[in-house]
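Worksheet: the structure to be examined is printed underneath.
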Number of protein chains: 2
Amino acid sequence: MESSPPRRVHLDNGGRAPWHPLAREAFLQALDDGWADPRRLHAEGRRAARLVDGAREAVAAVLGARTEEVRFTHSHTAALHRAVLAGAAGRRRAGDRVVVGATERAAVLHAADAAGRRETIPVDRLGRGDAGAFAAAVAGPGVALAALQHANGEVGTLQPVEQVHDAARAAGVPLLVDAGASLGHARVPETWDLLAADPADWGGPSGVGVLAARGRVRLPDVGPEDAEPWAPGGVSVPLAFASAVALESVQADLDAAGARRRELVDRIRAVVAGVPDVEVVGDPENRLPHVVTFSFLYVDGEALVTELDRQGFAVGSGSACTASTLEPSHVLAAMGVLTHGNVRIALDRTTSAEDVERFLAVLPPAVERVRDALGVRGL
Amino acid sequence: MESSPPRRVHLDNGGRAPWHPLAREAFLQALDDGWADPRRLHAEGRRAARLVDGAREAVAAVLGARTEEVRFTHSHTAALHRAVLAGAAGRRRAGDRVVVGATERAAVLHAADAAGRRETIPVDRLGRGDAGAFAAAVAGPGVALAALQHANGEVGTLQPVEQVHDAARAAGVPLLVDAGASLGHARVPETWDLLAADPADWGGPSGVGVLAARGRVRLPDVGPEDAEPWAPGGVSVPLAFASAVALESVQADLDAAGARRRELVDRIRAVVAGVPDVEVVGDPENRLPHVVTFSFLYVDGEALVTELDRQGFAVGSGSACTASTLEPSHVLAAMGVLTHGNVRIALDRTTSAEDVERFLAVLPPAVERVRDALGVRGL
């Protein structure tokens with residue numbers, strides 16, 4: 001009797017995970033009921049509009065926001081762009097400085113450059129932003145906007161958003177909290193003025209993002225005039241609906257899924273730390289439950305990803321928050337840790353202990369093979 | 001035995017039609033095979049990338065373009081915005097004038113205003129652009145870009161894109177052809193430098209658009225730096241794949257579906273012309289096969305849409321190319337025809353002769369009821 005090949009294990013679920021089964025069901029239901037244009041007056045249009053409004057309401061309930069404060073955008077990146085560009089434009093009278101954390105997504109850094117003068121607040125070696133430096137910067141003159149992620153999606157470190165929000169509020173500066181790596185995995189505090197989130201990260205679809213803005217925040221148009229400036233041309237109603245259904249479902253299981261994955265990550269951290277010449281990065285305690293990143297000396301990241309892929313394991317590498325171009329990650333660089341030879345693991349809710357053990361059995365010899373090929377054995 | 005209620009008839013399929021059955025199948029297949037991020041290096045990412053590339057290739061074949069000239073955007077509107085903003089930015093040295101037709105989509109008009117100085121070329125009473133005036137305008141000094149739709153989605157009139165492209169080429173000015181209302185319904189000429197199209201209009205999904213640019217056209221970044229400036233954050237791979245499959249399918253049946261719908265529209269035009277105080281607008285010959293619009297004197301458009309909706313018929317009204325806000329349509333205004341009390345019919349491929357006859361039986365008394373309610377009988 002031949003044994004079937006072992007099933008493939010996907011450990012690259014940060015920013016893009018397989019759809020939650022309920023998201024698929026919700027999508028198909030909304031495709032039947034909500035294919036029409038929600039701006040139309042007829043019954044089909046009104047039904048589509050009700051689906052979008054229901055989805056906004058569901059997301060708002062999770063965020064602690066009002067329904068009218070939540071909009072669907074075309075992507076998480078589009079939500080970040082609009083939050084920074086329009087958020088800064090709405091505060092032009094105050095100035096043009098945009099204060100951001102050093103490990104924000106590339107979308108935030110680039111949008112801050114486009115919106116005005118970017119001021120970047122450093123992080124420590126664990127990737128945690130300096131709340132004191134942030135508070136001092138937002139209290140300075142001419143600050144239009146501040147942006148701090150809730151958690152870094154590349155290394156998992158949680159950021160001091162409550163403290164920074166206190167300081168921003170005292171200075172009258174709106175704070176954008178990027179919850180793109182955390183919503184659906186960890187409880188997101190309600191200390192934000194603008195918030196962006198990523199359905200594809202929590203088991204919903206890609207091609208849709210979330211932008212929430214408190215009623216007090218001004219978001220003037222920054223592109224050509226459009227009836228839906230947050231998503232010109234509108235978003236897919238079925239994608240928006242599926243996003244909300246997935247979020248409600250993962251939110252209901254948040255603590256259990258978090259505890260289970262936290263244990264698996266602890267196990268990965270402990271075993272990987274035993275591989276020679278490795279650095280396990282990110283805050284070991286104050287972190288996302290499902291993400292862990294480590295960097296190997298004398299290893300090329302692309303070669304290691306390819307070797308693990310051949311063995312049946314999909315992992316992330318390089319600057320996971322921009323694209324897998326394997327450019328040196330600005331996040332790891334800002335932390336002052338090894339920027340090459342890194343692997344990011346982001347566990348899905350369906351990742352089992354057995355999957356993890358199989359990976360941990362395969363990883364050390366894979367690293368050794370890649371080092372051998374580079375001729376660095378014994379260095 | 002009770003008779004079942006007559007099935008609802010949806011006659012508002014311009015810009016948003018029910019998904020083609022093959023689009024649904026393709027979506028589900030791509031959801032299984034292409035949920036991953038196509039920028040990743042592992043097998044799942046490479047498979048997703050192959051699906052997108054295959055979809056680009058299929059659309060390119062229909063357009064007479066090379067695969068690398070075709071990109072998926074987040075919506076048809078987003079494609080128009082980028083084409084105008086980046087197209088004009090890429091020609092800044094030539095000048096900042098943007099020459100557009102008077103009946104272009106609001107997205108083109110607004111983007112032209114944002115990109116530079118808009119110069120608007122009038123249309124005649126049938127909605128056809130003045131090719132001579134267009135040629136004269138593009139030959140003038142300081143023109144960065146010209147834009148002309150292949151067909152107007154609100155009234156169906158085809159535009160002289162070949163003639164205008166000849167003139168634009170002679171002047172060295174890139175021409176954007178908006179095929180958003182025609183691709184999938186009529187043969188689109190290959191006389192374009194930039195082309196935008198709308199999957200939701202041909203039975204594909206909404207939440208995705210098409211932007212094609214000939215290799216010679218420069219499209220510099222106009223927003224924050226991004227790896228995919230045509231769709232920051234990426235598009236949904238399953239939506240893109242479903243779009244392409246739907247297009248291949250409708251393209252294979254283009255002539256037959258066109259001829260069948262053209263006959264039904266001829267029938268609608270003939271019967272509606274017999275209603276008192278009505279104007280059937282748009283070119284009766286040189287037009288899209290499936291679109292017809294008419295305007296009734298002494299009728300409020302919203303009231304008529306609502307009355308028809310109650311009778312089981314969904315129709316469009318108002319400025320169908322922006323939103324159904326029922327603002328007076330800039331298209332009808334540019335044509336110099338009645339801007340109020342209008343109804344737009346866009347037939348789906350599944351619309352039957354029986355559907356049309358039922359609609360034509362219901363329409364005249366519905367108009368009469370709305371006029372009665374307004375107290376204009378006998379005016």
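Quick note: the coordinates plus some simple rules give every number you see, no bench work behind them. Since the model is a prediction, treat every value here as computed from it, not as a measurement. Because the Cβ atoms are built from the backbone with ideal geometry, glycine has one as well, and the counts that use them run over all protein chains shown.
Amide H neighbours of A:Arg118 under 5 Å, at least 5 residues apart or on other chains, H built in the peptide plane: list them.
Amide H neighbours of A:Arg118, under 5 Å, 5+ apart: A:Val98.
Taking the Cα centre of the protein assembly as shown as origin, sum charge times position over the Cβ atoms of Lys and Arg (+1) and Asp and Glu (-1), and report the length of that vector in debye to the nearest 20.
900
Hey, for B:Glu285 with labels 7 Å out along Cα-Cβ, what do the inter-copy distances come to in nm, ordered shortest first?
Output for B:Glu285: 8.3 nm, nearest copy listed first.
Just the number: Rg to Rh for the stretch B:21-252, Cα atoms, Kirkwood Rh, two decimals.
0.98
May I ask you to report, in nm to one decimal and beginning with the shortest, the distances from A:Thr306 to the same position in the other copies, taking label points 7 Å along Cα-to-Cβ?
6.6
Amide H to amide H under 5 Å from B:Ser75: which residues, 5+ apart in sequence or cross-chain, H placed 1.01 Å off N in plane?
B:Gly209
In whole angstrom, how far apart do the alpha carbon centroids of the stretch B:126-197 and the stretch B:82-109 sit?
12
Can you give the angle from 0 to 90° between the axis of helix B:43-63 and the longest principal axis of chain B, with both taken from C-alpha atoms, to the nearest 10?
60
Work out how much length B:Ser352 to B:Asp166 would gain on full extension: take 0.36 nm times their residue separation and subtract the Cα-Cα distance, in nm to one decimal.
Gain in length upon complete extension: 63.0 nm.
Which listed residue (A:Leu308, A:Ser295, A:Ala373) has the Cα farthest towards the positive end of the charge dipole for the protein assembly as shown, taking +1 on Lys and Arg C-beta and -1 on Asp and Glu C-beta about the Cα centre?
It is A:Ser295, whose Cα lies furthest towards the positive end.
Once phi is turned into ³J(HN,Hα) by the Karplus curve 6.51 cos²θ - 1.76 cosθ + 1.60 with θ = phi - 60°, what whole-Hz value does each residue of the stretch B:210-216 show in order, with x for glycine and proline?
Using θ = phi - 60°, the values come out as 10, 10, 10, 9, 4, x, 7 Hz.
Placing a label point 7 Å from Cα toward Cβ, how far apart in nm is B:Asp253 from its equivalents in the other copies, listed shortest first to one decimal?
Ordered by increasing distance: 3.9 nm.
When you take every Cα atom in the protein assembly as shown, what is the radius of gyration, and what is Dmax, the widest Cα pair distance, in Å?
27.4, 100
How much length, in nm to one decimal, is gained on full extension between A:Ala333 and A:Ala139, taken as 0.36 nm per residue of separation minus their Cα-Cα distance?
67.2 nm
Let me know the longest stretch in chain A that avoids all trypsin sites (Lys or Arg not before Pro) found in a DSSP loop with at most 13 other C-beta atoms within 10 Å.
That gives A:219-376 as the longest site-free run.
In debye, nearest 20: dipole of the stretch B:172-222 around its Cα centre with unit charges on the Cβ of K, R (+) and D, E (-)?
The calculated dipole for the stretch B:172-222 is roughly 200 debye.
What distance in nm separates the two pseudo spin-label positions at A:Arg46 and A:Glu368, each 7 Å out from Cα along the beta-carbon direction?
7.0
R0 = 41 Å: FRET efficiency of B:Leu360 with A:Ala252, Cβ-based, nearest 0.05?
My answer for the efficiency is 0.20.
Let me spell out the model: positive unit charges on the Cβ of Lys and Arg, negative unit charges on the Cβ of Asp and Glu, origin at the Cα centre of the stretch B:4-148. What dipole size does that give, in debye rounded to 20?
The calculated dipole for the stretch B:4-148 is roughly 180 debye.
Once the Cα atoms of helix A:106-115 and of chain A are each reduced to a long axis, what angle between those two axes, in degrees from 0 to 90 to the nearest 10, is obtained?
40
Note down the nm distance, to one decimal, between modelled labels 7 Å out along Cα→Cβ at B:Arg187 and at B:Arg93.
3.8
How far is helix A:76-89 tilted off the main Cα axis of chain A, in degrees rounded to 10, range 0 to 90?
Roughly 50 degrees between the two axes.
For peptide B:14-20, compute the average count of partner chain beta-carbon atoms within 10 Å of each residue's beta-carbon.
Per residue, the average neighbour count from other chains is 4.
Nearest the rotation axis from A to B, which residue of chain A has its beta carbon, and at what whole-angstrom distance?
Here the value is A:His74, 2.
Tabulate in residue order the Karplus-calculated ³J(HN,Hα) for the stretch A:178-183, using 6.51 cos²θ - 1.76 cosθ + 1.60 with θ = phi - 60°, rounded to whole Hz; enter x for Gly and Pro.
Result, ordered by residue: 8, 9, x, 9, 10, 4 Hz.
Whole-Hz ³J(HN,Hα) for each residue in the stretch A:193-200, computed from phi via Karplus 6.51 cos²θ - 1.76 cosθ + 1.60 with θ = phi - 60°, x for glycine and proline: what do you get?
Here the 3J(HN,Hα) series is 9, 10, 9, 10, 8, 10, x, 5 Hz.
Kirkwood Rh, the stretch B:121-182, all Cα pairs: how many Å?
About 11.7 Å for the stretch B:121-182.
Explain nothing, just the number: relative contact order of chain A, from Cα pairs under 8 Å at least 6 residues apart, as a whole percent.
Averaging sequence separation for qualifying contacts and normalising by length gives 22 percent for chain A.
Tell me the mean residue ellipticity at 222 nm calculated for chain A from its helices only (DSSP H runs of n ≥ 4, each -39500 (n - 2.57), averaged over every residue, nearest 500).
Calculated at 222 nm, the ellipticity per residue is -12500 deg cm²/dmol.
Taking amide H positions as placed in the peptide plane 1.01 Å from N, state which residues far from B:Val123 in sequence (5 or more) or on other chains have amide H under 5 Å from it.
Under 5 Å from the amide H of B:Val123 lie the amide H atoms of B:Ala102, each far enough along the sequence or on another chain.
Give me the one-decimal nm value for the distance between modelled label points at B:Asn286 and A:Arg214, 7 Å along each residue's Cα-to-Cβ direction.
5.8
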